[in-house]
Amino acid sequence: MTVPVSSPLRSAGWLLSRLQEPGLVVLDCRFVLTQPDAGEAAYREGHVPGAVYAHLERDLSGPKRPGGAGGRHPLPDPGVLADWLGASGVTPGSTVIAYDDPTGGHGFYAARAWWLLRWLGFTRVFVLDGGLPAYVQSGGTLTRDVPVPAPGYVTPHVQPDWVVDADGVQGRAPGTLLIDSRAAPRYRGDAEPIDPRAGHVPGAVNRDWAGSLDAGGGWRAPDEQARRLAVGDAPVIVYCGSGVSGAANLLALSLAGRPPGPDVQLYAGSWSDWSSDPARPAEVGDPHAP
């Protein structure tokens, strides 16, 4: 199945002008990794009218496996994800827009939803540029009413070559650019607050996902993303801590003209999967620093 390419972003004005349109599905993806209930609590306090809450660990991830294999946020089973999307009102004709709150470093959850739907074969899915703050600043109102969507249905058309596992990373083709999307201290191994070991996959370069956003929480322009990521035409594998913040770099790559595909892949298990096996090597420091 060929997945058409289009800009992954839509503006707050675009959303405001279409809120009443049939077929629009809005996903509220707010989440805090250290407080798993915070995003849903914020949703109950106020959200875009009609928005359905998408919980990172309940809806946008699969069950964790013993020993950490597969990482902290494994990809959901495609059929389970499709069923949840259908229960959220998504049909093949729907347009889906996901948002989060990019303030405080929480601007990658909507990108995770965007990437998952694209991986499932869905084409009309977007991320709200600037997130919920941009919507409110543009005059959007919030509600506490929780919608009851009319049931829809989604048939999964999974893109299997958009994803690699640890073996695929280890056996990647020469010339492949391996991007670590975490903050520099974690990439260097200065500290590791979450995963079993510190450091990064040998050969990876660091492109902190947070650089994809400007000071106001909006996504940087395509030319800025291209300069920041500096991938050229090379095949790319993106990873992060658990396959979530890496989605922000995948969205940034899409903005720069390199959408997800067989040559722009996600290592879904990411460092949490890699570091769970002590036999896999880890590199510390930044060998690419001037």
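Here are some notes:
- From the list LEU116, LEU56, the one residue that fits, being outside any loop (DSSP other than H, G, I, E, B), out of contact with any strand residue (DSSP E or B) (no Cβ under 8 Å at 6 or more places or on another chain) and buried (at least 18 other Cβ atoms within 10 Å of the Cβ), is LEU116.
- Selection status of SER61, at pLDDT 95 or above and polar (S, T, N, Q): yes
- When residues in segment 96-152 are screened for being in contact with a Lys or Arg (Cβ under 9 Å, 6 or more places away or on another chain) and at pLDDT below 95, 1 of them pass.
- Positions within segment 234-290 being touching a Pro at 6+ places or on another chain (Cβ under 6 Å), buried (at least 24 other Cβ atoms within 10 Å of the Cβ) and either of a type in the set (Ser, Thr, Tyr) or in a strand (DSSP E or B) (or both), in sequence order: SER254
- The lone criterion from (1) surrounded by 14 or more Cβ atoms within 10 Å (Cβ to Cβ); (2) assigned to a loop (DSSP other than H, G, I, E, B); (3) of a type in the set (Val, Ile, Thr); (4) over 22 Å from the mean Cα position of the chain (by Cα) left unmet by THR141 is number (1).
- Residue check for PRO185: more than 21 Å from SER7 (Cβ to Cβ) and assigned to a helix (DSSP H, G or I): yes
The values are calculated or read from the model by the stated rules, or taken from the named source; none is laboratory data. In this text the structure is predicted, and so the values were computed from the model without any measurement. Quick reminder, even Gly has a Cβ in these numbers, built from the backbone with ideal geometry, and neighbours come from all protein chains shown.
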